[in-house]
Amino acid sequence: MSEKLKREFIELLEKDLDFRYSVAGYLGFSEILKRLNRIGEGQNKLWEEVKKLWIEVKTIREDQRKLRVLFESFGRALGVTLEDYTASAVKLMLEDMGYPGAEVGKKTLLFNNEIYEINIFCDDPLTVGEVTLYIRDVDEARRELEKLLRRIEIAEKKENKKAVLKVLAVANASKEVLDHLKTMAEQRDIRLLYGREL
């Protein structure tokens, strides 16, 4: 920029209030645009990271689904089910509670002309449990607990004694569902087994 042009520019800034405001507005607007561009670039990077995370979550979910299918296939091939694994864990729990030799298995009870299948059952000491491979959400968790509570009630009436151990075993659930289950199970004196505990 020539010296003459610089002087004219400064003179206009000093004498012409409208020109001064226009330049100031432009400079401020320009800075705002630069900042918005930087924010936009940051936001684009953030969305790229979110997209990568979402792809990872989808991959993990797909891997979990494959593992469940493999686990079920493996169990069927060996003739072993999740209920069998849970029954073994409950048997050890009963031994730790002072009941060595307790027999833990499945049980079918007839009550008011309805058949109730109980995944985990021991008559001495009375133990009642339910086993599920996957709980999707909090509503399903509530239903599973209600199902277990109904079976406990029926078993206690049929056996004419209180359950010493009540168990809900869940192989897979989200952290939110597990947190909810832990709270609900604790309130009802139910032992919650999940994931690696099985």
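Any read-out appearing in this document is the output of simple, stated calculations on the displayed coordinates, not a laboratory observation. Everything numeric here is computed off the predicted structure, so don't read it as measured data. A quick note on method: Cβ atoms are made from the backbone with ideal geometry, for glycine too, and the neighbour counts reach across all protein chains shown.
Could you check the simple spin-label distance between residue 108 and residue 54, using points 7 Å along Cα→Cβ, in nm with one decimal?
Label at residue 108, label at residue 54, 4.8 nm between them.
Aspartates and glutamates within cross-link reach of residue 52: Cα-Cα under 19 Å, excluding same-chain residues under 8 positions apart?
The reachable aspartates and glutamates, counting only those whose Cα sits under 19 Å from residue 52, are 41, 62, 63.
Antiparallel as a % of all DSSP beta bridges within region 82-197, to the nearest 5?
Here the antiparallel bridges make up roughly 45 percent for region 82-197.
Taking the mean number of other Cβ atoms within 10 Å as a proxy for protection, how do you rank 45-54, 120-129 from highest to lowest?
120-129, 45-54
Can you pick out the pairs among 106/161; 58/175; 91/158; 106/182 whose Cα atoms lie more than 20 Å from each other?
Beyond 20 Å between Cα atoms: 91/158; 106/182.
Can you tell me how much longer the chain between residue 3 and residue 179 gets when fully stretched, taken as 0.36 nm per residue apart minus their C-alpha distance, in nm with one decimal?
Gain in length upon complete extension: 56.1 nm.
Amide H of residue 126: which non-local residues (sequence gap of 5 or more, or other chain) have their own amide H closer than 5 Å, using H built in the peptide plane?
164
Check which residues have an amide H placed less than 5 Å from residue 137's amide H, if you skip close sequence neighbours.
Amide H to amide H, under 5 Å and 5 or more residues apart or across chains, residue 137 pairs with nothing.
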